[in-house]
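First comes the structure, then the notes that go with it.
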Amino acid sequence: MLGLASLSGAEAQIKLNRKVVDTLPIRQVDPTIRPAGGTKIISNLNQPQRDIDFPNWNFEKGLTGWTKEGTAFNNQPTVRFAVTTQRINYQMEYNQGGVGGDYWKNMGMNNGHNGNYWVGTYENNPQGNSFNQYQGDQPVGILTSPEFLLTNQYCYFLIGGGADPQRLYVEFQTKQADGSWKTEITRSSFRNSEMMYRERLDLAAFVNKVGRIRIVDNSYAGWGHINVDNIRFSNTLLDGIQIRDAATGRNYEVDVDAPVWGVADTHAHPMHQEGFGGALIAGKPNTPLSETYSNALCDQKHSSLGAGVSNKLFILGADPHFTKGWPDFLEFPRFNSKTHQQQHVDFLREHGKVD
């Protein structure tokens, strides 16, 4: 009887232990986190993934993981060079002061995207097999990322399209205690342009909070579309190139590997700076760009003190003279400038003409 009683007590204790175990919260192993010694840390099953763990911030996997509302993102992402040259470089039209002609038109152009895919709500060419396939500015909608645990101070992304901060923007939201979402920061394109540039969100105040990213297109007016690509999270500031926008005077930033596209006038003479006694053409073809296109050199060659009377008459009468060169190249070299070096050796090398 004593043995049976003890056995019954043991069974009761086992059942009690099972009941206690059954009430414990379910936990799982997170293989990405390992403390010293290699032991795996156990993390709560309901904790969202970290910001850097979401594998489709750059849309290389289509819209996998993202949630669509409305119709603006139905035919996304867009493939590579869907935007043609004339949609971006319209200033090259002759009536805009450009080179004119049509030899540079209807070519696919890199509008600053990174990788093969990007989001552009004006486009309707997800296969990337033809140009001029548009859905236009009429569709509206929102593209929402999965929620994530913010672990980094900065969020970078590429943005372009219409300049409408009320209706076209990227926003960072945090999850509130009641499950609702609060918009903390928004960014929109500062100009109407298909070219994308780099924006940065400073998120240090929200680290360790649950957040999400939303891309919003709520405009059906002209330029009522948004371009976005390459969302990245970092705890350090990323290197970039500062550029000044000539139309607005605003400085903006691009990645150090951002694509460059342009038209070069290759019908020129690499030694033409030796003509006119060496006093007219500014810049040598084999000195650093900072020297060849120096504003100081332009002043020296082309100011009233630096140029002879005959050369000055030529500059004023036959040459649409511009004076802003290095480092922004806002006004020269230019296809129709006759008094600045047109054939720098770096340009020739770029096109495979010089070893």
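Tabulated values for the structure
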{"read-out": "Filtered residues of the stretch 149-208 (kept if more than 21 Å from SER234 (Cα to Cα) and in contact with a Gly (Cβ under 8 Å, 6 or more places away or on another chain))", "value": "GLY160, GLY161, GLY162, ASP164, ARG167, LEU168, SER189, ASN192, SER193, GLU194, MET195"}
{"read-out": "Yes/no for PHE59 being farther than 25 Å from PRO259 by Cβ, among the aromatic types (Phe, Trp, Tyr), touching a Phe, Trp or Tyr at 6+ places or on another chain (Cβ under 8 Å) and at pLDDT 80 or above", "value": "no"}
{"read-out": "Any chance THR67 is at pLDDT 95 or above and among the β-branched types (Val, Ile, Thr)", "value": "yes"}
{"read-out": "Within the stretch 118-147, considering residues that are closer than 17 Å to GLU69 by Cβ and over 20 Å from the mean Cα position of the chain (by Cα), the one modelled with the lowest pLDDT", "value": "GLN135"}
{"read-out": "Pairs where the first residue, in the stretch 256-277, is on the phi > 0 side of the Ramachandran plot and not assigned by TED's automatic domain parsing to the domain that holds MET92 and the second is surrounded by 12 or more Cβ atoms within 10 Å (Cβ to Cβ) and modelled with pLDDT under 70, C-beta under 7 Å, 6+ apart", "value": "PHE276/ASN311"}
{"read-out": "Test: residue in the stretch 175-191 that is in contact (Cβ under 8 Å) with a residue 40 or more places away in the chain and either among the aromatic types (Phe, Trp, Tyr) or surrounded by fewer than 19 Cβ atoms within 10 Å (Cβ to Cβ) (or both)", "value": "yes"}
{"read-out": "Every pair of residues 6+ apart whose Cβ atoms lie under 8 Å, when the first sits in the stretch 92-120 and is among the hydroxyl-bearing types (Ser, Thr, Tyr) while the second is modelled with pLDDT under 90", "value": "TYR94/GLY100; TYR94/GLY101; TYR117/VAL79; TYR117/ARG80"}
{"read-out": "Condition check for GLY277: closer than 16 Å to LYS338 by Cα and modelled with pLDDT under 80", "value": "yes"}
{"read-out": "Tally, over the stretch 280-295, of residues that are exposed (fewer than 14 other Cβ atoms within 10 Å of the Cβ) and at pLDDT below 85", "value": "0"}
{"read-out": "Test for ASN227: is it of a type outside the set (Gly, Ala, Ser), part of a loop (DSSP other than H, G, I, E, B), touching a residue at least 12 places away in the same chain (Cβ under 8 Å) and in the same structural domain as GLN138 (by TED's automatic domain parsing)", "value": "no"}
{"read-out": "Residue in the stretch 83-90 that is in the same structural domain as THR186 (by TED's automatic domain parsing), assigned to a loop (DSSP other than H, G, I, E, B) and surrounded by fewer than 20 Cβ atoms within 10 Å (Cβ to Cβ) present", "value": "no"}
{"read-out": "Given (1) surrounded by fewer than 19 Cβ atoms within 10 Å (Cβ to Cβ); (2) modelled with pLDDT under 95; (3) assigned to a strand (DSSP E or B); (4) not polar (S, T, N, Q), number of the condition GLY115 does not satisfy", "value": "(3)"}
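The values are calculated or read from the model by the stated rules, or taken from the named source; none is laboratory data. Treat the numbers as computed from the prediction; the structure is a model and nothing was measured. Don't worry about glycine lacking a Cβ; one is built from the backbone with ideal geometry, like all the others, and counts go over all protein chains shown.
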